[in-house]
């Protein structure tokens with residue numbers, strides 16, 4: 001059926017003049033073109049869909065790898081943070097450092113009050129303590145900055161300031177974690 005259709009096609013004059021050789025070359029070219037299209041449809045198109053699937057799998061694997069690296073880095077950072085948390089016995093040293101920081105800013109520090117609850121060994125306890133100081137406003141401002149940027153794990157829970165004509169009175173409530181003995 002196809003052969004009759006193909007034979008019925010009227011070729012241009014230049015193709016009819018050299019019947020056999022040129023016609024054979026055109027048929028071979030047409031056959032190669034059809035084979036090329038079939039190969040493209042059979043191999044390239046499915047490969048593109050496989051490529052898309054592989055790229056999405058690769059993206060998922062890269063995301064998991066990035067998450068694993070982030071977890072590893074956070075684990076190291078958390079280990080360092082845990083090592084930086086003072087033990088109950090180190091609390092007087094922390095208070096001493098804070099008092100020295102305040103004195104470097106020319107502040108007068110009253111008595112610091114803290115009470116450490118008893119915990120089992122290795123347990124973390126949130127400890128809140130008051131830190132009263134008095135001095136010039138600029139010095140208090142620098143001291144607060146020093147506390148906030150300290151290498152110690154100390155947070156400011158509450159700030160109260162009262163001023164008179166000579167100085168500013170500061171009452172800070174600080175937070176820190178301490179490890180049980």
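Does residue 99 satisfy the criteria of being part of a helix (DSSP H, G or I), surrounded by 10 or more Cβ atoms within 10 Å (Cβ to Cβ) and touching a residue at least 12 places away in the same chain (Cβ under 8 Å)? So residue 99 passes the test. Reported count of residues in segment 138-177, each being touching a residue at least 12 places away in the same chain (Cβ under 8 Å), exposed (fewer than 12 other Cβ atoms within 10 Å of the Cβ) and more than 20 Å from residue 111 (Cα to Cα), is 1.
Close contacts from segment 74-92, counting a first residue that is closer than 12 Å to residue 124 by Cα and a second that is at pLDDT below 75, with Cβ to Cβ under 9 Å and a gap of 6+ residues or different chains, come to 87/180; 87/181; 88/116; 88/118; 88/119; 88/180; 88/181. What are the residues in segment 90-136 that are under 36 Å from the mean Cα position of the chain (by Cα) and at pLDDT below 75, if any? Selection gives 116, 117, 119, 120, 121, 122, 123.
Summed over segment 132-165, the residues that are assigned to a helix (DSSP H, G or I), touching a strand residue (DSSP E or B) at 6+ places or on another chain (Cβ under 8 Å) and over 23 Å from residue 88 (Cα atoms) give a count of 4. Mind checking whether some residue in segment 79-87 is modelled with pLDDT under 75, assigned to a helix (DSSP H, G or I), surrounded by 11 or more Cβ atoms within 10 Å (Cβ to Cβ) and under 22 Å from the mean Cα position of the chain (by Cα)? Scanning segment 79-87, I find at least one residue that is modelled with pLDDT under 75, assigned to a helix (DSSP H, G or I), surrounded by 11 or more Cβ atoms within 10 Å (Cβ to Cβ) and under 22 Å from the mean Cα position of the chain (by Cα), so the answer is yes.
The values are calculated or read from the model by the stated rules, or taken from the named source; none is laboratory data. Everything numeric here is computed off the predicted structure, so don't read it as measured data. Ideal geometry is used to build each Cβ from the backbone, glycine not excepted, and the neighbour counts take in all protein chains shown.
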